[in-house]
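A.B. asks: Once you've had a glance at the structure underneath, I'll fire off some questions.
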Ligand SMILES: *Cc1c(COP(=O)(O)O)cnc(C)c1O
């Protein structure tokens, strides 16, 4: 059966990484966050392309993701894990030579006992109250921890997509206070923080969403084209309805195409009756409700019978879809269905 094709331009991802890398000074290292299967694009393929372009530091959310990434990348690049060292992770961390970003005193104990001498980093909470040692815990443990030689001290900004938000400066100053004079490389900024300017860069920055040209780095290149196969086309007449709950009623004769993908594939139900699919540069409105595996589209005005229609592409980015659906590009990307056939272009080392 014809599957939806998700075309992924790895050269665009590499170009975005290079553009982000150029935003900090040459002394600042630029890593790449490839958690959640590289935001749905495919962690192995994306990370191999980036490693070929010179990326040496990768980040995943969990140790399992890190172990899978190690299989794709082989030895060499550093793979750090935001979740740190959780119970049951020792084999994955030790076996795949991952660097857990330890988040609590319990994790420190677990890591030092399970894998003595193995590399680790430290995640500090500077106000987001999500992950990391709190200031008082860090102040109590810093002596012993620094003795053991962490590879990285990191924290994460809560409001970096709002450049004027006072939380940015607050967290940056708190991070400086907690880490000054340690001599250990530091990292505070994801994509949003890179755009805030040099005082937020420290020794390493770690973009994720920006690699895919989504906000807050929406000036980046768009690597995705999602092409949905048309299963069936029918003619309907004035007064006939389309889809669940009869939310669309035809006012005149029209041609309706049914394409193969739906909300089970991450194409949110809130796109119903609001978004468009595209034949090249020509928009085709979605008619009625998005259903689980199918979407119905007005193709009356097209010059030729479509075999495929694009949901993502030149005329509609993940951010565009997110705006219609009332969400953010991150959620559109990480919702990209495992049912799509991922077709990679470019990226040769
Ligand atoms: C997801 C994540 C990143 C990457 O963030 P983007 O906004 O996608 O660039 C960086 N650091 C941490 C801790 C994260 O959880």
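None of the figures in this text is laboratory data; all of them are computed from the coordinates on show. As the structure is a computational prediction, the values presented were derived from the model and not from experiment. Note that each Cβ is placed from the backbone with ideal geometry, even for glycine, and that neighbours are counted across all protein chains shown.
A.B. asks: Return one number: the angle in degrees, 0 to 90 and rounded to the nearest 10, between the long axis of the Cα atoms of helix 63-73 and the longest principal axis of the Cα atoms of the chain.
C.D. replies: Here the helix axis deviates by roughly 80 degrees.
A.B. asks: Running a GNM on the chain with Cα contacts under 10 Å, which residue among 191, 307, 296 ends up with the highest mean-square fluctuation?
C.D. replies: Of the options given, 307 has the highest mean-square fluctuation.
A.B. asks: Ok, one more. Considering only C-alpha atoms, what is the centroid distance from the range 199-249 to the range 327-345, in Å?
C.D. replies: After rounding, the separation between the Cα centres reads 9 Å.
A.B. asks: Next question, about the same structure. Picking from 226, 105, 152, which is most flexible by a Gaussian network model of the chain using Cα springs under 10 Å?
C.D. replies: Its mean-square fluctuation being the largest, the pick is 105.
A.B. asks: Could you state the per residue volume, in Å³, of the convex hull enclosing the Cα atoms of the chain?
C.D. replies: In the chain, the Cα hull volume divided by residue count equals 149 Å³.
A.B. asks: Enter the angle in degrees (range 0 to 90, nearest 10) between the Cα long axis of helix 43-52 and the first principal axis of the Cα atoms of the chain, meaning the one along which they spread out most.
C.D. replies: Result, in degrees: 60.
A.B. asks: With N denoting the number of residues in the range 31-211, provide Rg(C-alpha) divided by 2.2 N^0.38 Å, to two decimal places.
C.D. replies: Expressed relative to 2.2 N^0.38 Å, the Cα Rg reads 0.98.
A.B. asks: Just rank 159, 172, fewest to most, by other beta-carbon atoms within 10 angstrom.
C.D. replies: 159, 172
A.B. asks: Return one number: the angle in degrees, 0 to 90 and rounded to the nearest 10, between the long axis of the Cα atoms of helix 10-21 and the longest principal axis of the Cα atoms of the chain.
C.D. replies: For 10-21 against the chain, the angle is about 40 degrees.
A.B. asks: Which of 234, 70 has the fewest other C-beta atoms within 10 Å, and how do the rest follow up to the most?
C.D. replies: Taking fewest neighbouring Cβ atoms as first place, the list is 234, 70.
A.B. asks: Let me ask something additional. Using only Cα atoms, locate the centre of the range 38-112 and the centre of the range 129-183, then give the distance between them in Å, rounded to an integer.
C.D. replies: Their Cα centres are 21 Å away from one another.
A.B. asks: Report the full-extension gain for the segment residue 221 to residue 343: residue separation times 0.36 nm, less the Cα-Cα distance, to one decimal in nm.
C.D. replies: Going from the current span to full extension adds 42.2 nm.
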